[in-house]
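Read through the structure below, which is laid out as structure tokens, and then see the notes.
The values are calculated or read from the model by the stated rules, or taken from the named source; none is laboratory data. Small disclaimer: the values here were computed from a predicted structure and weren't measured. Note: ideal-geometry Cβ built from the backbone for every residue, glycine included; neighbour counts use all protein chains shown.
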Amino acid sequence: MNPADEPGRKHLPHLPPRELANQSIIIYVTQVVAGRRPLLARSEALRTIPEAWRKADRWLVGRYVLMPDHRHLFCAPARFPPTPLKQWMAFWRAETTRHWPWPEEKPIWQKDFFDRQLRRGESYAQKWHYVRENPLREGLVTDADAWPRQGELHPLAWLEGE
């Protein structure tokens, strides 16, 4: 069962990032299009969304994949203390909506999103492998590298303390 579907729960929990000495903070985020419409299948989405991420510079976007009806990304705080993730998400979603070329399609995003802080470097590599294979599992390409709606804005390095 999806945690958001549990009785009495209306929103997914969004915990603040756990800061540990000499360890990276990398968050995995999934955001779904309202009504699961395939709005992100257009090339304009590949321009509009990364541009919103660049303007929302409180967090750095690492690797990402845009699927037709949702998107996955990895992000890390650009400064400390970190701006709350929920606030950053609200900013770039609003920025994307403001510059969306088809006003009749608004609202674009579901109100909530899924996020999880990664615990170690292997987790980042494993999660990225899973995410980049999404278009392949959906039958959209025969090779994950051929999916044109993926990229990386900022390399996010995993640092481990001694």
Looking at the range 37-50, is at least one residue over 23 Å from Ile26 (Cβ atoms) and polar (S, T, N, Q)? yes
Please determine, by comparing only the residues of the range 117-139 that are among the hydroxyl-bearing types (Ser, Thr, Tyr) and within 15 Å of Thr30 (Cα to Cα), which one is modelled with the highest pLDDT. Tyr130
I'd like to check something: does the range 92-106 contain any residue that is surrounded by 19 or more Cβ atoms within 10 Å (Cβ to Cβ) and among the polar types (S, T, N, Q)? yes
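Can you name every residue in the range 31-66 that is among the charged types (D, E, K, R) and touching a residue at least 24 places away in the same chain (Cβ under 8 Å)?
Kept after step one, since they are among the charged types (D, E, K, R), are these residues of the range 31-66: 36-37, 42, 44, 47, 51, 54-55, 57-58, 63.
Once the filter is applied, which keeps residues that are among the charged types (D, E, K, R) and touching a residue at least 24 places away in the same chain (Cβ under 8 Å), the range 31-66 yields Arg36, Arg37, Glu44, Glu51, Arg54, Lys55, Arg58, Arg63.
Within the range 95-111, can one find any residue that is part of a strand (DSSP E or B), in contact with a Pro (Cβ under 9 Å, 6 or more places away or on another chain) and closer than 20 Å to Val61 by Cα? First the steps, then the outcome.
So the first thing to find is which residues in the range 95-111 are part of a strand (DSSP E or B), and the list is 109.
If we keep only those that are in contact with a Pro (Cβ under 9 Å, 6 or more places away or on another chain) too, we end up with none.
No: zero hits.
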Checked against (1) closer than 17 Å to Asp112 by Cβ; (2) at pLDDT below 90; (3) in contact with a strand residue (DSSP E or B) (Cβ under 6 Å, 6 or more places away or on another chain), Pro3 satisfies every condition except (3)
When the range 33-76 is examined, which residues are found to be at pLDDT below 95 and assigned to a loop (DSSP other than H, G, I, E, B)? Arg42, Ala56, Asp57, Arg58
Of all residues in the range 122-145, count the ones that are in contact with a Pro (Cβ under 8 Å, 6 or more places away or on another chain) and assigned to a helix (DSSP H, G or I). 1
Please work out which residue is surrounded by the fewest Cβ atoms within 10 Å (Cβ to Cβ), limiting yourself to the range 48-88 and to residues that are closer than 22 Å to Glu133 by Cβ and among the charged types (D, E, K, R). Asp69
